[in-house]
1. Based on the Cβ-Cβ distance from K146 to E22, what FRET efficiency comes out when R0 is 35 Å, to the nearest 0.05?
2. What percentage of the solvent-accessible surface of the chain, computed with a 1.4 Å probe over protein heavy atoms, is contributed by carbon and sulfur atoms?
3. Tell me the label-point distance for the pair T189, S167, using the 7 Å Cα-to-Cβ offset, in nm and rounded to one decimal.
4. Obtain the nm distance between the two label points defined at L159 and E50 by a simple spin-label model: each point lies 7 Å from its Cα along the Cα-to-C-beta direction.
5. Compute the distance from the alpha-carbon center of region 121-172 to that of region 10-70, in whole Å.
6. List the trypsin sites (Lys or Arg not before Pro) in region 121-197 that DSSP assigns to loop (not H, G, I, E or B) and whose Cβ has at most 15 other Cβ atoms within 10 Å. Which are they?
7. Given the pairs K29/K180; K29/K94; K136/K185; K75/K146, which are separated by over 32 angstrom at their Cα positions?
8. Taking the solvent-accessible surface of protein heavy atoms with a 1.4 Å probe, what is the per residue accessible area of region 73-197 in Å²?
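The values are calculated or read from the model by the stated rules, or taken from the named source; none is laboratory data. On a predicted model such as this, the values are computed, not experimentally measured, just so you know. Note that each Cβ is placed from the backbone with ideal geometry, even for glycine, and that neighbours are counted across all protein chains shown. We work out accessible area using only protein heavy atoms, side chains counted, and drop any ligands, DNA or RNA first. Shrake-Rupley method; radii C 1.70, N 1.55, O 1.52, S 1.80 Å.
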Amino acid sequence: MINFSENIVLENRNVLLRPTVEKDLDSLKLISTDNDIWKYTTNMLTNEVELKQFINSAIDERNNRNRYTFIIFDKKIGEAAGSTAYGNISTGDKRLEIGWTWLGIKFQGTGLNKNVKFLMLQYAFEKLGCERVEFKTDVLNLQSRKALLNIGAVEEGILRSHTQMHSSRRRDTIYFSILKNEWEKLKNTTFDSFNNN
């Protein structure tokens, strides 16, 4: 499905996604220090050591053909905005997950994430031949849940006590999905402004 040896670059006029590399440390550390970013995530990247571990892990996961992590650039202001990934890839089932997404505070609520999701969904369905794309988030993360519903993802259910957080809390995880037979309609309605963009 995904060619892990290929340098996949996805972009439109607003955003560019490219594979994460070691040199991204300097760009990402400028936007990762706010604790509010990590409230609903399983890790914290608020210091250089944590961020370096994240980048090294992203590179290792790609080399091991498990996850393909991108750095997100806001093209309008020419800055790194965060990170996202394809993971939990099941080639036989033609299924993958879009996730591990985080954005610096100033990029949240700007529409950048919707651009990212459009590019990743388009590539997953139209280039990779996916039948299903999954998303998951913390059941308490109402902002993320609303954003997923706003792009047309269908809420599927909650896995209780699913994930250990960086705090002592155990997360209930809520799953969403978009299916291939739903994509064309979403592309021409929800994502209409991104077509030919």
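1. Working: r = 35 Å, r/R0 = 0.99.
About 0.50, to the nearest 0.05.
2. Numbers: 4530 of 10110 Å².
In the chain, the share of accessible area belonging to carbon and sulfur is 45 percent.
3. Placing both labels 7 Å along Cα→Cβ, they lie 3.7 nm apart.
4. Placing both labels 7 Å along Cα→Cβ, they lie 2.3 nm apart.
5. 18
6. R169
7. On the way: K29/K180 36 Å; K29/K94 35 Å; K136/K185 22 Å; K75/K146 25 Å.
Flagged as over cut-off: K29/K180; K29/K94.
8. On the way: 6180 Å² over 125 residues.
Heavy-atom accessible area per residue stands at 49 Å².
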